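Q: Quick one: the structure is below, and I'll ask about it shortly.
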Amino acid sequence: NGGSFRRILLCRRAIFKRWLMRYNLALCGALRGLFVRRLRLINPANPLNGLVHSDIARRVTFGRKAVFMPLGLMVAAGVVPRDEWAVEIVDECTGPVPIRNDVDLVGITAMTCQASRAYQIADAYRALGVPVILGGLHPSALPDEALRHATAVAVGEAEGTLPAMLAD
């Protein structure tokens, strides 16, 4: 029957197109990894998140694990040149931070309550030879302290400091 043959042919053509698209995207991604540097932006665990473990707080926050969403890291990722950097955002409030030498640069944000954990993560990456930029409220207020744990400290807003730091 001509109708079923046509349906089979169209189905095979659609499968081939899907396969070709997937293959091309994988190939482009693999080639992109050869020329694009990798940046991991990290939001360290926040000790204040323990406040949401009470029953009342859990009901008010609808069971969320994190109190503070890392919006600063999203803004930072938004100002990174896409043709030069592949950006990964890791929020330790929702899962573990991978401490591996698989990135070219690490950026860590920290409020004062997160500073000690941020310094631990920064020291671990520096021990692996990965350059670390510390930014956020605490490093901006105490850049000399933060510089003991980082390659560079971003003082001020990410929108103005991060593109210039990445260019260096």
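Q: Within segment 128-152, how many residues turn out to be hydrophobic (A, V, I, L, M, F, W, C), over 25 Å from Val36 (Cβ atoms) and outside any loop (DSSP other than H, G, I, E, B)?
A: 4
Q: Further question on the same structure: Of the residues in segment 77-127, how many are open to solvent by less than 20 Å² (accessible area, probe 1.4 Å), of a type in the set (A, V, I, L, M, F, W, C) and assigned to a helix (DSSP H, G or I)?
A: Residues that pass the stated criteria total 5.
Q: Another one. Cβ-Cβ under 8 Å, sequence separation 6+ or interchain: first residue in segment 59-87 and polar (S, T, N, Q), partner at pLDDT below 85 and in a helix (DSSP H, G or I). Which pairs?
A: Every condition considered, the pairs that remain are Thr61/Val52.
A quick yes/no check of all residues on (1) modelled with pLDDT under 55; (2) within 21 Å of Ala164 (Cβ to Cβ):
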{"residue": "Asn1", "(1), (2)": "yes, no"}
{"residue": "Arg7", "(1), (2)": "yes, no"}
{"residue": "Leu20", "(1), (2)": "yes, no"}
{"residue": "Ser54", "(1), (2)": "no, no"}
{"residue": "Arg82", "(1), (2)": "no, yes"}
{"residue": "Gly95", "(1), (2)": "no, no"}
{"residue": "Pro98", "(1), (2)": "no, no"}
{"residue": "Gly107", "(1), (2)": "no, yes"}
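Q: Being open to solvent by less than 20 Å² (accessible area, probe 1.4 Å) and either at pLDDT below 95 or among the acidic types (Asp, Glu) (or both) is the filter; apply it to segment 140-168 and report the residue that is nearest to Ala77 (Cα to Cα).
A: Here the residue is Leu162.
The values are calculated or read from the model by the stated rules, or taken from the named source; none is laboratory data. If you're wondering where the values come from, they're calculated on a predicted model, not measured in any experiment. So basically every Cβ, Gly included, is an ideal-geometry build from the backbone, and we count neighbours across all protein chains shown. Protein only, heavy atoms only, side chains kept; ligands, DNA and RNA dropped before computing areas. Shrake-Rupley method; radii C 1.70, N 1.55, O 1.52, S 1.80 Å.
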